[in-house]
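Every number here is computed from the coordinates shown, using simple stated rules; none is lab data. Please read all numbers here as calculations on a predicted model, not as lab measurements. Virtual Cβ from ideal backbone geometry, glycine too; neighbours counted across all protein chains shown.
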Amino acid sequence: MKRSFGRNGMVTSAALVALTISVGLPASVAGASSPRPTAPRSVHASAQTDAAHISWSAPASSGSSAVKSYVVTSHPSSRSCTTPARSCVVKGLTAGSSYTFTVVAKNASGASPNSTSSNKVTIALSLKTAGADYLAATTAWETSLSAAGAALSALTSTSTQAQVDAALASLKASYTTYTATLAKDKWPAAAQGDITAFIAEMTTTENDTLALSGAASASSVPLYYATLDADGNIVTVGDAKIRADLNLPQLINGPATSTSTPVAIGSPQIVHDFYGNTMSVTVSQIIDPATAGTGSGLPDPGYRFVAIQASLSNSDPANGEVDGNANLGMTVTGSDGVTYKADFGTASQCTNFNYGEFRVPVGDTSTGCVLFQLPAAITVKSVQFTLDAGYLDMVAWT
């Protein structure tokens, strides 16, 4: 037999050429083509509820015959779908879990190699699962919030700083745990936007609640309470939207579908709250200019104070107590077309709500003024009022 090694054991030139041709080159270069397809390309996955939609491009080569079918496989779980098309849906995936997918092409001669893995997707929750998760997270938050509130209420003037810090930390934890739980779930597409907005609203409420609980000055407490009134309305609206997205029972009655035609000053208008109660609201006068009450300061340069006096009457025997904050519910539109919000001050010319807050039992009426700052040349064109953050009906006077 002819040896193929030189004196030093090295492969001779002739043997090297033959070895390279017969072993070292890919089959396509060596002149032999595979009868099977090459791997499918550009595999892309998108999450659905308990499933994923997978699409891909055809192989660069179908082999010796046309591609008859494709098989998609999930990783993990090895769930699959088979189709002659270039997309299909893999079902039976676990909500909240993440998957990638590979595809093989098949022709008469057999299957191609696996494709490159798709992008990773996290499977969305079903509406039923998402609803149960949301209710469980909300119930846990309400329980922890109640415990944190009890810890704060137990503090006294003799409590140590460590006890105060612990109570505030418990309050903060009740919010952060709740928002973290909401953030980690893969919500159905219908709820994702409202969940994201709700997390932001809850974070704002957390910061305002901590500010109130740690208020260093008693004079700042009424403003914090007014701010939390607004937060509460916004959070309630956010919860209502999520419940609608997830087909859950609503806790509130609304939004009211009634609309109001603007009326003259002095005429009563009916508004609704979240719980189906009604209230008769009458704007009785516009005091322009108004003088600020004690502690309300002076208007900004180029502005003046204007006070709107209103009476809030709870006359329907079917109602419960109606409460809210007139500073948050009332706005005015100026002759410039701009809508102005309340200044949160008081006016010396009329009875005032308690920093805007009112609680009106059945058969009772609360009267007060809401103070605004308007530019010197701008007059009041109309007054608007709503009970709950604009989610329910709004009434107006001209």
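Numbers for the structure displayed
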| item | result |
| --- | --- |
| For the chain: relative contact order, % (alpha-carbon pairs under 8 angstrom, 6 or more apart) | 11 |
| Cα centroid of the stretch 192-213 to Cα centroid of the stretch 347-387, whole Å | 27 |
| Per-pair calculated FRET efficiency, R0 = 45 Å: Leu152 and Ser280 via Cβ, rounded to 0.05 | 0.75 |
| In sequence order, calculated HN-Hα J values of the stretch 36-50 (Karplus, 6.51, -1.76, 1.60; Hz; x Gly/Pro) | 8, x, 7, 5, x, 10, 6, 7, 10, 10, 9, 6, 10, 6, 6 |
| Amide H within-cut-off set for Arg304, under 5 Å, with H built and near neighbours excluded | Leu374, Ala376 |
| Antiparallel bridges, percent of DSSP beta bridges restricted to the chain (to nearest 5) | 95 |
| Correct option for semi-axes √(5λ) of the Cα gyration tensor in Å [calculated from the coordinates] among (i) 70, 26, 22; (ii) 32, 25, 20; (iii) 50, 33, 20 | (i) |
| Per-residue [θ]222 nm for the chain (sum of -39500 (n - 2.57) over DSSP H runs n ≥ 4, rounded to 500) | -9500 deg cm²/dmol |
| Charge-dipole axis of the chain as Lys and Arg at +1 and Asp and Glu at -1 on Cβ define it, positive-most pick from Ala162, Ala130, Thr339 | Ala130 |
| Sequence-distant residues sharing a close amide H with Gly324 (under 5 Å, placed H) | Phe358 |
| For the stretch 296-311, Karplus couplings with θ = phi - 60° (6.51, -1.76, 1.60), whole Hz, Gly/Pro x | 8, x, 10, x, 5, x, x, 10, 9, 8, 10, 10, 10, 8, 9, 10 |
| Chain lengthening between Ser98 and Ser69 when straightened (0.36 nm per residue, less Cα-Cα) | 7.9 nm |
| Lysine pair count for the chain [Cα-Cα under 24 Å; pairs on different chains or 8 or more apart] | 16 |
| The stretch 43-60 versus the stretch 282-312: alpha-carbon centroid distance in Å | 62 |
| Thr82-Ala200 FRET efficiency (beta carbon distance; Förster radius 35 Å; 0.05 resolution) | 0.20 |
| Inter-probe distance in nm under a simple model that places probes 7 Å from Cα toward Cβ, at Ser57 and Ala244 | 4.3 |
| Lys, Arg +1 and Asp, Glu -1 on Cβ, resulting dipole of the chain about Cα centre, debye, nearest 20 | 3760 |
| 5 Å binning of all Cα-Cα separations within the stretch 41-122, expressed as whole percents from 0 upward | 3, 17, 30, 23, 14, 8, 4, 1, 0 |
| When the stretch 273-398 is reduced to its Cα atoms, the Kirkwood hydrodynamic radius in Å | 14.8 |
| Rg and Dmax [Cα atoms of the stretch 134-191; Å; Rg one decimal, Dmax integer] | 14.6, 51 |
| Cut-off 15 Å (backbone N to label point 7 Å along Cα→Cβ of Asn114), residues of the stretch 56-96 | 71-81 |
| Nearest-20 debye value, the stretch 41-122 charge dipole, Cβ charges on Lys, Arg, Asp, Glu | 120 |
| Estimated distance in nm for a label pair at Ala211 and Ala136, the labels positioned 7 Å out from Cα along Cα-to-Cβ | 3.5 |
| Long-range HN-HN contacts of Ser97 with modeled amide H, under 5 Å | Ile123 |
